[in-house]
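K.L.:
Structure provided below as structure tokens; questions to follow.
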Amino acid sequence: MLLLGLLLIGATTYICLSNTPMLAEYRKLAIFYSSKRALREYLKSFGAYAPLAFMAIQVLQVVVCPIPGELTGVLGGYLFGTWLGFAYSTVGLTVGSIMAFLLARWLGGCRWCVAWSRMRSTASSTSSHGQAGSWSHWFAS
């Protein structure tokens with residue numbers, strides 16, 4: 001656990017202090033998404049496809065955490081009106097949430113599946129001890 005904490009601190013320090021091209025582009029992207037005016041101009045450049053571009057930004061906002069969600073939600077209402085902005089935002093956020101769930105399942109699903117099946121097998125094998133007994137056996141093993 002200590003090693004994980006030290007790795008996290010090291011990675012954060014590297015990201016904050018490094019000037020690699022990839023991190024410089026990431027910083028530009030973060031500044032871009034923080035500017036309401038820049039986002040509005042960007043979305044207007046798509047013309048009739050602006051709703052699709054807005055929904056794509058909402059998807060990215062969920063999957064790529066540092067994009068501020070409050071800004072994009074307000075921007076949707078400002079550009080498309082209250083109800084259309086709400087609808088586009090909801091569609092984008094829903095698709096983004098599904099993608100984040102699937103990504104998390106793909107990246108770490110195996111560990112949780114093994115833990116869940118282990119818990120279920122322990123619970124079924126110790127059913128005579130009752131629910132509390134099965135949970136305590138699972139945590140103890």
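K.L.:
If you plug each phi of region 71-78 into the Karplus form 6.51 cos²θ - 1.76 cosθ + 1.60 with θ = phi - 60°, what whole-Hz ³J(HN,Hα) values come out, in order, with x for Gly and Pro?
P.N.:
After applying 6.51 cos²θ - 1.76 cosθ + 1.60, I find 5, 5, x, 5, 4, x, x, 5 Hz.
K.L.:
Once phi is turned into ³J(HN,Hα) by the Karplus curve 6.51 cos²θ - 1.76 cosθ + 1.60 with θ = phi - 60°, what whole-Hz value does each residue of region 93-108 show in order, with x for glycine and proline?
P.N.:
5, 5, 4, x, 5, 5, 5, 5, 4, 5, 5, 5, 5, 5, 6, x
K.L.:
HN-Hα J couplings of region 43-48 from phi, Karplus 6.51/-1.76/1.60, θ = phi - 60°, integer Hz, Gly and Pro as x?
P.N.:
Residue by residue, region 43-48 yields 5, 5, 5, 7, x, 5 Hz.
K.L.:
Any chance you could list P(r) for region 37-111, counting all Cα-Cα pairs in 5 angstrom bins from zero, rounded to whole %?
P.N.:
The calculated distribution, bin by bin, is 3, 18, 25, 23, 13, 7, 5, 3, 1, 0.
K.L.:
Amide H to amide H, which residues 5 or more places from residue 46 or on other chains are under 5 Å from it, using H placed in the peptide plane?
P.N.:
Placed amide hydrogens put nothing under 5 Å from residue 46.
K.L.:
Pulled fully out, how much extra length does the chain show between residue 63 and residue 36, if you take 0.36 nm times their separation in residues and subtract their Cα-Cα distance?
P.N.:
Here the answer is 7.7 nm.
No lab work stands behind these numbers, since they all come straight from the coordinates. Because the structure is a prediction, the values reported are computed rather than measured.
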